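The values are calculated or read from the model by the stated rules, or taken from the named source; none is laboratory data. Everything numeric in this text was worked out from a predicted model, so none of it was measured. Note that each Cβ is placed from the backbone with ideal geometry, even for glycine, and that neighbours are counted across all protein chains shown. Protein only, heavy atoms only, side chains kept; ligands, DNA and RNA dropped before computing areas. Shrake-Rupley method; radii C 1.70, N 1.55, O 1.52, S 1.80 Å.
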There are 2 protein chains.
Amino acid sequence: MREEIVSELRSIVGEDWVITGEDRIQGYLYDETPPPMLPEASKDVAVVKPRNAEEVSEILKLANRYGLPVFPRGGGTGLVGACVPTMSGIILSLERMNIIKVDRENLMAEAEAGATLADLLKAAEDVGLFFPPHPGDEGAHIGGLLACNAGGARAVKTGVIRNYVKGVEVVLPTGEILTLGGKLVKNNAGYDLMHLIIGSEGTLGVITKAWIRLYPREAVNATIVIPFEDREMALKTVPAIFQEGLMPLAIEYVEKSLVEKTAQHLGLTWPCRDGDHQLILILAEASEAALYEACEKIVNICEKMGSLEPLVAESRGEQERILKIRSEIYSFLKPNLVDILDTTVPPAQLLELIKAVEELGRKYNTYLPVFGHVGDGNLHIHLMREDGWTKEDYDRLRDEVYRKAIELGGTITGEHGIGYIRRRSLEKYIDKKALELMRAIKRIFDPNNILNPDKVFP
Amino acid sequence: MREEIVSELRSIVGEDWVITGEDRIQGYLYDETPPPMLPEASKDVAVVKPRNAEEVSEILKLANRYGLPVFPRGGGTGLVGACVPTMSGIILSLERMNIIKVDRENLMAEAEAGATLADLLKAAEDVGLFFPPHPGDEGAHIGGLLACNAGGARAVKTGVIRNYVKGVEVVLPTGEILTLGGKLVKNNAGYDLMHLIIGSEGTLGVITKAWIRLYPREAVNATIVIPFEDREMALKTVPAIFQEGLMPLAIEYVEKSLVEKTAQHLGLTWPCRDGDHQLILILAEASEAALYEACEKIVNICEKMGSLEPLVAESRGEQERILKIRSEIYSFLKPNLVDILDTTVPPAQLLELIKAVEELGRKYNTYLPVFGHVGDGNLHIHLMREDGWTKEDYDRLRDEVYRKAIELGGTITGEHGIGYIRRRSLEKYIDKKALELMRAIKRIFDPNNILNPDKVFP
């Protein structure tokens, strides 16, 4: 990068907050995307760490002047390469903007983009409040959670991040600082630009602050592991639970062999030894009595559906251990992983998707581990390394999965987003006119195409 | 309207479904906007009643060919003139598209745009499910509820309509039929065009169908009326309730004198005679025990905050009577009403807004009845007819209210939207750049500006 640009950047954010040099920028180039899918990062980049929206604005104006790509970066926990600097340009790291204030009277957190999910959870808990969703990695930054409209296991009851965001401060690619919404439960003043920014993966604006609705904490939790001999029976139990008027916080499906191996890898033991297929339910209720009643109802339903003996974990320690193991399946698989999908279908159609995936495994002679958020129809399907396979082999298999998901009324991505690695698939699997509208919106917001310029669209 | 156009319309929807002639179209010209604010409707219009999205598409293509304005119309329950045909053109009434199917396994209603809120509530109830929000008039159509992102009293706990919509079928002004989302709890495939359509007040597309998430019904309800001598004490009780970890479905504020007069007007009696200022709380809990506990906690908090004796209504009949009276305040005021505002501020700032409104009432020497959804900061302020006042007098007063709301971190409209009558205010009170982006988005979706062409933007 030209020295004069670096020097202008230093004059915006201060000497210490512009980082160059291959060694020092190394930690800013990639995210959690499986290595075989990762695009190559340009090394000709400067990492810039602004302190506030005004500095972000100055950086974006400079980028417009020089026609320089800008890659906003949060916690780097994404799985689709959305923050990878695929060209020479500026990595805009929001890490210094990490203040969270909780307004108890309005049940709102005001969080800067670089605060982490862990910070938010803690800030809420410190004042006896609660942020209901839990989209996985607690190192994710608020800006990234919003930019990707993160989902996670608890979306069954609570919905995705979008539902909790009531306002954002965003810096447009052209440098204007907009406040959209605020500490407002309702706002209908014109088109909802805030919801357009949420989920736009750092291509329409740089989110610098958010107002996030908090809730009083549900008093008590329990985690139940329910073993089944048979996958079909396990999955058919999900709609049966809903139909009885129960609404768990999360309903996850795992293969016992996979979760046992993950536990072993972590030096832990998976507590439920029965059945090859297991559901993990998290319940949150307002009182011990309500929790007891819900547990009892669920155990009854499951037994009626043919489950083996459910395991109810009530202590916080045991619950956390179960969820820790569940959440580490990805890390366990990662060394041999080529790609992790997050296809989503209507929840009652998930069984059909899983059967199709089994069938594809046989057809392609490969093991396709699946687990996921079955309560909301969101399935993580893993493409594993196979000797002699080429990129085209994986593409063909992935395409078959996507086609099936679309056929079942689903989407190619329920939570991970498009980023860099799903651009061709977006083009292929959404309506041409919808794509045309999205591209036109991108041009309105970012006429010089400087902000994350090669993401989302092929 | 030219006879050839009418005849083409008849060939699209069938002879019976194109209505012309001043007498016959009368019921399609206006909505519930207070008459002094209503724009004048053109009488040179044809009412067209398509049966499906394909017919809507044909109508919009024809409108593009002839450069003819199209005014989509639902239940006509809006309060800002959003569906009034202010120019010669087509009134597109979705009333024939009114089928609702409930998919119990996926907890989703598939509702056509012309079905009513009452239809949706009933369809859900018939299968033991529940649509949590309740944005007022049950004659509202699904299409309109989405187009206006309706709010209502229950938004305190449940949020606004937007949170429940998982998919829409929409016909673009240029005639393409798009399905955005579906029976999907999660969907991150590209920019969220669905959320852009929701709240766009019939200017970006004609919503023809929606997939709406339903929930298991909370088992039991109670309605509590809590009287206070003093308005300030009543309003300070609201954050106190949240801080104790309670989350009622609704928290409404009313002046006793106003609600008593409304009851009298309906031939009913308002059940709570104490105090001049009252909160109405609706609680929904999973069990009798949980409901009892929540009631007890709330009564304790209120007493600590200085309330008089609360009135707890548990029978469905008594609860319905209370809510009926509350919901008819608008009709009671309407004969002398000039405008109803729905300014929204952070909930804890509502007291300050009300005090400012009282002050303005004194300054302008007029009575400004207020009531509203205080749990979510959404206040209905009524400008009443005053002898000798001109339009400018009302404009000046309204502007002072808006300025105060903005100063408190609020918005000029929390639920009613912009429609026709708030266009100048939108221009005045939102960021210029935001307005520019909205206008550019409108041009992308509707290059010939045929769809509700003079709404939202001045």
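Computed quantities for the displayed model
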| quantity | calculated |
| --- | --- |
| When residues of region A:202-235 are limited to those that are hydrophobic (A, V, I, L, M, F, W, C) and in a loop (DSSP other than H, G, I, E, B), the one farthest from the other protein chains (Cβ to nearest Cβ) | A:Leu214 |
| Residues of region B:32-48 satisfying the condition of being open to solvent by 20 Å² or more (accessible area, probe 1.4 Å) and within 23 Å of B:Ala113 (Cα to Cα) | B:Glu32 |
| Qualifying residue in region A:313-320 (condition: out of contact with any helix residue (DSSP H, G or I) (no Cβ under 8 Å at 6 or more places or on another chain) and not in a helix (DSSP H, G or I)) | yes |
| Residue in region B:231-246 that is modelled with pLDDT under 95, among the small types (Gly, Ala, Ser), more than 25 Å from the chain's Cα centre (by Cα) and open to solvent by 60 Å² or more (accessible area, probe 1.4 Å) present | no |
| Filter result for the condition that a residue is out of contact with any strand residue (DSSP E or B) (no Cβ under 6 Å at 6 or more places or on another chain) and open to solvent by less than 20 Å² (accessible area, probe 1.4 Å), over B:Gly76, B:Gly14, B:Gly27 | B:Gly76 |
| Evaluation of B:Ala189 against (1) more than 9 Å from chain A (Cβ to nearest Cβ); (2) modelled with pLDDT of 95 or more (one fails), failing number | (1) |
| Selected residue [under 30 Å from B:Glu285 (Cα atoms), part of a helix (DSSP H, G or I) and among the small types (Gly, Ala, Ser)] from A:Ala284, A:Ala240 | A:Ala240 |
| Filtered residues of region A:332-359 (kept if assigned to a helix (DSSP H, G or I) and within 15 Å of A:Ile406 (Cβ to Cβ)) | A:Gln349, A:Leu350, A:Glu352, A:Leu353, A:Ala356, A:Val357 |
| Residue within region B:379-394 that is outside any strand (DSSP E or B), more than 9 Å from chain A (Cβ to nearest Cβ) and basic (Lys, Arg) present | yes |
| Cβ pairs under 9 Å, 6+ apart, first in region B:301-329 and on the phi > 0 side of the Ramachandran plot, second crowded, with 19+ Cβ neighbours inside 10 Å and assigned to a helix (DSSP H, G or I) | B:Gly306/B:Thr237 |
| Selection within region A:405-420 - surrounded by fewer than 21 Cβ atoms within 10 Å (Cβ to Cβ), more than 7 Å from every other protein chain (Cβ to nearest Cβ) and within 22 Å of the chain's Cα centre (by Cα) | A:Ile406 |
| Yes/no for B:Gly199 being within 20 Å of the chain's Cα centre (by Cα), at the interface with chain A (Cβ under 7 Å from one of its Cβ atoms) and not in a helix (DSSP H, G or I) | yes |
| Long-range neighbours under 9 Å by Cβ, at least six apart or interchain, first residue touching a residue at least 12 places away in the same chain (Cβ under 8 Å) and in the same structural domain as B:Asp339 (by TED's automatic domain parsing) within region B:375-386, second among the charged types (D, E, K, R) and part of a loop (DSSP other than H, G, I, E, B) | B:Asp376/A:Lys186; B:Gly377/A:Lys183; B:Gly377/A:Lys186; B:Asn378/A:Lys186; B:Asn378/B:Glu415 |
| Matching residues, region A:321-351, being over 21 Å from A:Cys148 (Cα atoms) and touching a Gly at 6+ places or on another chain (Cβ under 7 Å) | A:Pro347, A:Gln349, A:Leu350 |
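Residue-by-condition table, conditions (1) charged (D, E, K, R); (2) in a loop (DSSP other than H, G, I, E, B); (3) open to solvent by less than 30 Å² (accessible area, probe 1.4 Å):
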| site | (1), (2), (3) |
| --- | --- |
| A:Asn106 | no, yes, yes |
| A:Ala109 | no, no, yes |
| A:Lys122 | yes, no, no |
| A:Glu138 | yes, yes, no |
| A:Gly152 | no, yes, yes |
| A:Val168 | no, no, yes |
| A:Thr174 | no, yes, no |
| A:Thr179 | no, no, no |
| A:Val185 | no, yes, yes |
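Let's see how each residue does on (1) touching a residue at least 12 places away in the same chain (Cβ under 8 Å); (2) under 22 Å from A:Glu436 (Cα atoms):
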position	(1), (2)
B:Ser425	yes, no
B:Lys432	no, no
B:Arg439	yes, yes
B:Phe445	yes, yes
B:Ile450	yes, yes
B:Val456	yes, no
